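First the structure, in the form of structure tokens, and then the observations on it.
The values are calculated or read from the model by the stated rules, or taken from the named source; none is laboratory data. Small disclaimer: the values here were computed from a predicted structure and weren't measured. Cβ sites come from the backbone with ideal geometry, for glycine too, and all protein chains shown count toward neighbours.
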């Protein structure tokens, strides 16, 4: 650090030294020079809120997908952008899925057998991708305030010996690549978890904006809660509607709907 300051001092007479690191922050807009506001949404209060899809609707393909958008988090202040959704437990298992914008690789697609293969006509454009992390638990254990401040499910209690303890009451447990519990998915990759619920007991799902697309600082996402266990395979095509239009000229062939291209392949005509 001292060496950096000496270098800056020596060069001030020539070109100056710019130590402004705001452009490294996801909530800084270099075009306007302003910091973008943190977005905290209560999905229970939007015009068309999510619902818990019944098992029959899931089986028939009639399970509605909620789509929304979030702004960037303020990493400097520690304030996170995100959204919460509260639902009553069914007395059985539920599955929660979120798919952040857009697809993790624009140069990949599914073949006729449903396996991922390379799309030779495309190149990857990571600047339209974002990342959401997901937690869930009993609403009474949530430490944030829906619509105002994001929290978590870490609580304090005093044991029988009078010793203060901290316990993480998150029930949305996911496995990482190596099968270890507690992992989260990477950029533009769906996250999902399944857990048992108590009947008529409020549960809360919390979605945290880990990163937002660089091209417009707006993170679109698709979200769904359904009865029963999660599907064995969850990919980019399980939930649709989280894509956004890529910057003009960013992708070959003036492509913009990279979600359709991943799930359905590039059109031959």
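Brief remarks follow.
- Lone qualifier among 89, 71 - being buried (at least 16 other Cβ atoms within 10 Å of the Cβ) and under 24 Å from residue 245 (Cα atoms): 71
- Meets criteria (surrounded by 12 or more Cβ atoms within 10 Å (Cβ to Cβ) and in a strand (DSSP E or B)) for residue 132: yes
Here's the yes/no breakdown for (1) at pLDDT 75 or above; (2) under 25 Å from the mean Cα position of the chain (by Cα); (3) loosely packed, with under 15 Cβ neighbours inside 10 Å; (4) under 25 Å from residue 197 (Cα atoms):
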position	(1), (2), (3), (4)
7	no, no, yes, no
20	no, no, yes, no
28	no, yes, no, no
36	yes, yes, no, no
45	yes, yes, yes, yes
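- Selected residue [in a strand (DSSP E or B), over 30 Å from residue 34 (Cα atoms), in contact with a strand residue (DSSP E or B) (Cβ under 9 Å, 6 or more places away or on another chain) and touching a residue at least 12 places away in the same chain (Cβ under 8 Å)] from 63, 95: 95
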